[in-house]
Each structure stands twice: as structure tokens, then as C-alpha cells.
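This report concerns only the one structure given below.
The values are calculated or read from the model by the stated rules, or taken from the named source; none is laboratory data. Given the structure is predicted, the values throughout are model-derived calculations rather than measurements. Note that each Cβ is placed from the backbone with ideal geometry, even for glycine, and that neighbours are counted across all protein chains shown. Accessible surface areas use protein heavy atoms only, side chains included; no ligands, DNA or RNA. Shrake-Rupley method; radii C 1.70, N 1.55, O 1.52, S 1.80 Å.
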Amino acid sequence: MPIDFYYIPGSAPCRSVLLTAKAVGVELNLKLTNLMAGDHLKPDFLKLNPQHTIPTLDDNGFVLWESRAIMGYLVQQYGKDDSLYPKEPKKRALVDARLYFDIGTLYQRFAEYYYPVIFAGASFDPDKLAKLEEAYFFLDKFLEGQSWIAGDSLTIADLAIAASVSTADIVGFDISKYPNVTKWFAKAKTAIPGYDELNYSGCVQFKKMFDNLTAGK
């Protein structure tokens, strides 16, 4: 039975799930969900997810949203091993901490800085930029002396944060000021399976939307 995946390519959280599915060898039945047309508010979708958010996964009746929860589920349910999401408590705790950092700080501050400009016509707020820069300073510190976001091997924390960082990078946020992030990001692009087809292509779509909605700013 197919695993239905409701998504849009431009969304970083959606792309992080696509990367995870690729890494564990799971084929998703992709269901493009047009938010502008209100696909997420239709009765059938609301029955699946009353919070009407994407990404949403429907694995033969098991419905899950929140991208980082979906990523962990896919590895635990379908992964051939636990390398992407270790079972050992300390290793898993570090992966979880970085995922929480992404949702609560890194991606959150990206959204707080860029989304009012993209979707509400606001001006760029220098205070919000400073908070976003602080988040990248934190990320740079996390990467001191280690190869990957949560230790010495690739995990779902890298997939989630690669989706976030690539989205910021493509709309002009300067990650070159953060040497450890820059080094990690260059390596992630080549090490993450399907990076170009599943992540970069979606970044390009996000950039087109960004350019269209912020023209003249």
C-alpha cells in the first residue's frame, strides 16, 4: 500500500521529509497540496489533519504531521538500521536537541524574519535579522570540532537543518560569515542522498515565490 505524503516542494519541512524517505529507501505517493487554493482546508484533508498543516503523512491509516516527527517515524519504521536516528539514549538525545533547535530557533527565526515580508508585505526588521544571525552563531558553535550536526555521522538532524539552511541561503542570507556552517553545508550537499533533486529543486521554487512576492522591496 502506498504511503501518501501531502506537501509542497518549496517548504523546507516538506523537503526534510523527502530527504529522509530517500535515505531510508521509502517511496512516497506525493500529493501536491496547493495552500493558495485552499487544498489544506478541504473536508477530506481536515479529516486527516484538523490542524491543516503540511507536511502530512498517511501511512495506510496512520496519520502524522510535524516534519521532524515524521522523519523519526520513517527511520524507526522503515530504516535498515538506526544510523540516521540512533537508539542509544545519549546519541538520540543530541539528535532530538538539534531537531528542537531547528524548529524552535533556527527555522523559527528564519520564518519570523522572512515570512512577514513575503506574505504580508512588511519591511525587513533589523531586530529580527539580528536574532536570525544569533541562531546561526549558535549553529556554528555546535559544529565546532565535529563533522555533523549531532556528532560524527549523518543523522536526520542534518537533513532537517540542511533544508532550513538551504532555504535561507537561496534567498540571500549570508552563511559565509559562519565558517563551520559553511564547511558542513558544502559537505551535506554531496553526502545527503537526493539533495539536488529533492531539496535544491524545491529551494529554487521557494526563491521564485520569494522574488515574485517581494518585487520592489
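Close Lys pairs in the stretch 76-167 (alpha-carbon distance under 27 Å; sequence gap of 8 or more, or different chains): 7. Near residue 3, the amide H atoms lying under 5 Å from its own belong to 29; only residues 5 or more places off or on other chains count, and H is placed 1.01 Å from N. When you work out D = kT/(6 pi eta Rh) for the chain at 37 °C and 0.692 mPa s, using the Kirkwood radius from C-alpha pairs as Rh and the Stokes-Einstein form, the result is 185 µm²/s. Using the 1.4 Å probe convention, the accessible area of the chain works out to 49 Å² per residue with neighbouring protein chains retained. Estimated purely from DSSP H runs of n ≥ 4, each contributing -39500 (n - 2.57), the mean residue ellipticity at 222 nm for the chain is -17000 deg cm²/dmol once divided by its residues.
For the stretch 51-57, the Karplus equation 6.51 cos²θ - 1.76 cosθ + 1.60, evaluated at θ = phi - 60°, returns couplings of 7, 6, 10, 10, x, 9, 10 Hz by residue, with Gly and Pro reported as x. Restriction of the GluC sites (Glu not before Pro) in the stretch 71-174 to DSSP coil positions whose beta-carbon has at most 10 other beta-carbons within 10 angstrom yields 144. Would you work out which of 106, 29, 146 lies farthest towards the positive end of the dipole of the chain? Charges go on Cβ: Lys and Arg +1, Asp and Glu -1. Farthest towards the positive end: 146.
With charges set only on the Cβ (+1 for Lys and Arg, -1 for Asp and Glu), what does the dipole of the chain come to about its Cα centre, in debye to the nearest 20?
Using Cβ point charges on Lys, Arg, Asp and Glu, the chain gives about 120 debye.
Nonpolar atom fraction for the chain, defined as the carbon and sulfur part of the 1.4 Å probe accessible area, stands at 54 percent.
Ranking 124, 119, 101 from most to least accessible surface, computed with a 1.4 Å probe over the protein chains only, gives 119, 124, 101. Accessible area of residue 106 (1.4 Å probe, protein heavy atoms only, ligands and nucleic acids ignored): about 0 Å².
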